[in-house]
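Okay, structure first, notes after.
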Amino acid sequence: MSLQISPEMFLLGGGVMVAIGVAQKAWTYRQDRQAAGYTPTLKSVISMLRPTMAVLPSGKIPFSKEWYISLGPNWWTSHKYESFRKLGQDVITSTSLDGMPMIFVVADADIAQEVMINRARFTKPIHLYGVLELYGANVVTTEGDEWRIHRKITGPSFSESSNKLVCDETVLVMEGLLDLWNNKSVIEYEDFSDVTMQLALMVICGAGFGIRVSWTDTDAPEGHKLSFKSAIEAVSGGLLLKFAMPGFAMNMTERTSKIETAFDELKVYIQEMIRDRASNYRDYSDLFSNLMAANENDSEGIKLTDDELTGNIFVFLIGKWFATPTPGHETTAHTLAFTIGFLALYPDVQEKLYEHVKREVADRTGAPTYSEVPKLKYALAVFYETLRLFSSVPTIPKISTEDTSVRTVNNKGEPVVVPIPKGSYVSVIAPALHHNRTSISNILSVPY
Ligand code: HEM
């Protein structure tokens with residue numbers, strides 16, 4: 001028996017399915033809005049949680065005043081506090097029609113603190129962190145008891161003595177850069193983050209792992225196809241591609257096969273370091289030795305596996321912001337590049353900083369020593385202001401583990417309670433927080 005469907009029936013069936021789909025989305029949207037106590041919302045067809053948002057430009061649905069098709073890449077950085085101002089309060093929601101969950105977005109300093117500090121009520125959305133687990137679980141990709149173990153072992157790597165190490169290494173790396181510039185009065189760069197990326201990476205390689213690389217170093221040592229620095233740079237640039245592509249496809253193009261080689265090489269480098277230090281760690285003085293020592297000598301006998309050690313080293317080396325914040329060199333590099341950009345735009349601040357450093361540093365022709373760093377308060381203020389204006393980690397996502405609520409005020413000064421259902425995304429938006437006049441006035445009351 002053959003079943004024949006006329007074109008009219010086909011169209012009707014398709015139309016009914018589309019109508020059911022739209023009705024379902026509209027129903028979910030209404031339920032979400034109700035659960036959030038009708039908190040003012042930013043409306044888009046495509047959720048900001050979708051990776052497609054990173055490539056689609058921001059645009060509204062034709063003839064709609066409120067509905068966006070997509071908010072567009074860098075929405076929070078480019079709009080700063082604007083969406084909160086328009087919607088009239090410091091905690092709003094972002095709702096979409098693509099079936100993704102609603103997100104509570106926060107530009108209120110007290111609530112941001114509550115969300116960041118209360119790890120039991122607001123946990124990391126670790127299901128989004130897969131891209132950072134390519135080498136092994138680590139302090140960034142874990143939560144709860146597992147996170148506490150990673151934190152206990154990696155914590156001692158960040159101490160006063162490691163700060164000194166970072167300071168001394170930075171001086172060495174900067175001296176190398178000044179040699180390269182060779183007293184030229186003008187140095188031109190198309191994109192100064194090319195320099196700061198290398199700078200931050202070289203400091204982390206040296207202070208973190210005792211690996212000194214020069215500014216011009218690209219040669220691979222014997223037994224390797226790439227130098228350590230080239231491997232990290234290629235892994236850093238190819239991380240998303242490696243995560244998104246199936247393993248077998250990585251060798252299909254020259255670009256992806258280079259990325260694959262870099263991933264293999266970096267893993268070999270890290271494993272060599274672990275093997276080398278496992279027997280020898282006391283002979284070195286860097287963050288990595290601290291990590292290995294903590295792993296060997298934990299008072300409760302806690303021990304990370306080699307894969308977990310590799311995973312942690314990886315996130316300390318490679319730092320990026322995707323949908324989630326990550327430690328490592330890129331966050332630092334972007335902050336440095338923004339700072340240099342601002343100093344170029346504000347020569348009066350540049351001059352004031354220069355005079356301040358000359359006043360506080362004893363050796364007029366040399367670099368500051370570690371003990372002089374706390375005196376460089378104006379330099380710290382310049383970095384803080386840069387981080388305020390351009391956050392290299394613009395959003396910090398969390399998930400609510402219980403039905404809860406937060407209290408804020410609207411732009412009429414009236415108290416508002418925002419209910420947050422269990423399982424909701426709650427995201428602190430740094431550029432909005434940093435451009436919220438109320439939070440800024442609190443920050444400015446803290447003396448530098
Ligand atoms: C300007 C540079 C940096 C910025 C703006 C930055 C920002 C952040 C932010 C926003 C978080 C998330 C906090 C949270 O979820 O509660 C974080 C976590 C963290 N960062 Fe940084 N970071 C920077 C550089 C670094 C560097 C260079 C390292 C180490 C090499 C590092 C190590 C960490 C660690 C270990 C965590 C904790 C991860 C966890 O426990 O979940 N950060 N950072």
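The values are calculated or read from the model by the stated rules, or taken from the named source; none is laboratory data. Since this is a predicted model, take the numbers as computed values, not measurements. Neighbour counts run over all protein chains shown; Cβ positions are idealised from the backbone, glycine included.
Brief remarks follow.
- Strands (runs of 3 or more DSSP E) lying entirely in region 332-448 (those with 3 or more residues that are hydroxyl-bearing (Ser, Thr, Tyr) and away from the ligand (no atom under 16 Å from the Cβ)): 404-409
- Number of residues in region 37-55 that are over 15 Å from Met100 (Cα atoms) and buried (at least 17 other Cβ atoms within 10 Å of the Cβ) equals 2.
So that you can scan it fast, the table gives a plain yes or no per residue for (1) in contact (Cβ under 8 Å) with a residue 60 or more places away in the chain; (2) farther than 17 Å from Thr331 by Cβ; (3) of a type in the set (S, T, N, Q); (4) surrounded by 13 or more Cβ atoms within 10 Å (Cβ to Cβ):
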| residue | (1), (2), (3), (4) |
| --- | --- |
| Val115 | yes, yes, no, yes |
| His127 | no, yes, no, no |
| Tyr135 | yes, yes, no, yes |
| Thr142 | no, yes, yes, yes |
| Phe192 | yes, no, no, yes |
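- Looking only at region 116-157, residues that are under 22 Å from Gly301 (Cβ atoms), more than 11 Å from the ligand (Cβ to nearest atom) and assigned to a loop (DSSP other than H, G, I, E, B) come to 2 in all.
- Selection count, region 67-90, where residues are in a helix (DSSP H, G or I), crowded, with 20+ Cβ neighbours inside 10 Å and of a type in the set (Ser, Thr, Tyr): 1
- Tabulated pairs, region 31-45, first over 17 Å from Arg85 (Cα atoms), second assigned to a loop (DSSP other than H, G, I, E, B) and charged (D, E, K, R), C-beta under 7 angstrom, 6+ apart or interchain: Val45/Asp98
- Flag for Glu175 being more than 16 Å from the ligand (Cβ to nearest atom) and closer than 30 Å to Val22 by Cβ: no
- For region 232-252, the count of residues that are more than 22 Å from Leu132 (Cα to Cα), surrounded by fewer than 20 Cβ atoms within 10 Å (Cβ to Cβ), polar (S, T, N, Q) and more than 16 Å from the ligand (Cβ to nearest atom) is zero.
- Which numbered condition Gln31 misses (of (1) more than 22 Å from Pro419 (Cβ to Cβ); (2) part of a helix (DSSP H, G or I)): (1)
- Residues in region 263-294 that are modelled with pLDDT of 85 or more and in contact with a Leu (Cβ under 6 Å, 6 or more places away or on another chain): Glu265 only.
- One residue stands out in region 185-204 among those that are of a type in the set (Ser, Thr, Tyr) and more than 15 Å from the ligand (Cβ to nearest atom): the one that is farthest from Thr339 (Cα to Cα), namely Ser185.
- Which listed residue is farther than 29 Å from Asn74 by Cβ and either at pLDDT 95 or above or among the hydrophobic types (A, V, I, L, M, F, W, C) (or both), from Glu360, Glu351: Glu351
- Looking across region 117-134, the residues that are closer than 16 Å to Leu240 by Cα and under 16 Å from the mean Cα position of the chain (by Cα) come down to His127, Leu128, Tyr129, Gly130, Val131, Leu132, Glu133.
- When Thr93, Thr28, Thr41 are screened for being in contact with a Phe, Trp or Tyr (Cβ under 8 Å, 6 or more places away or on another chain) and of a type in the set (Ser, Thr, Tyr), only Thr93 passes.
- Among the residues examined, Thr52 qualifies as in the same structural domain as Asp403 (by TED's automatic domain parsing), at pLDDT below 85 and out of contact with any strand residue (DSSP E or B) (no Cβ under 6 Å at 6 or more places or on another chain).
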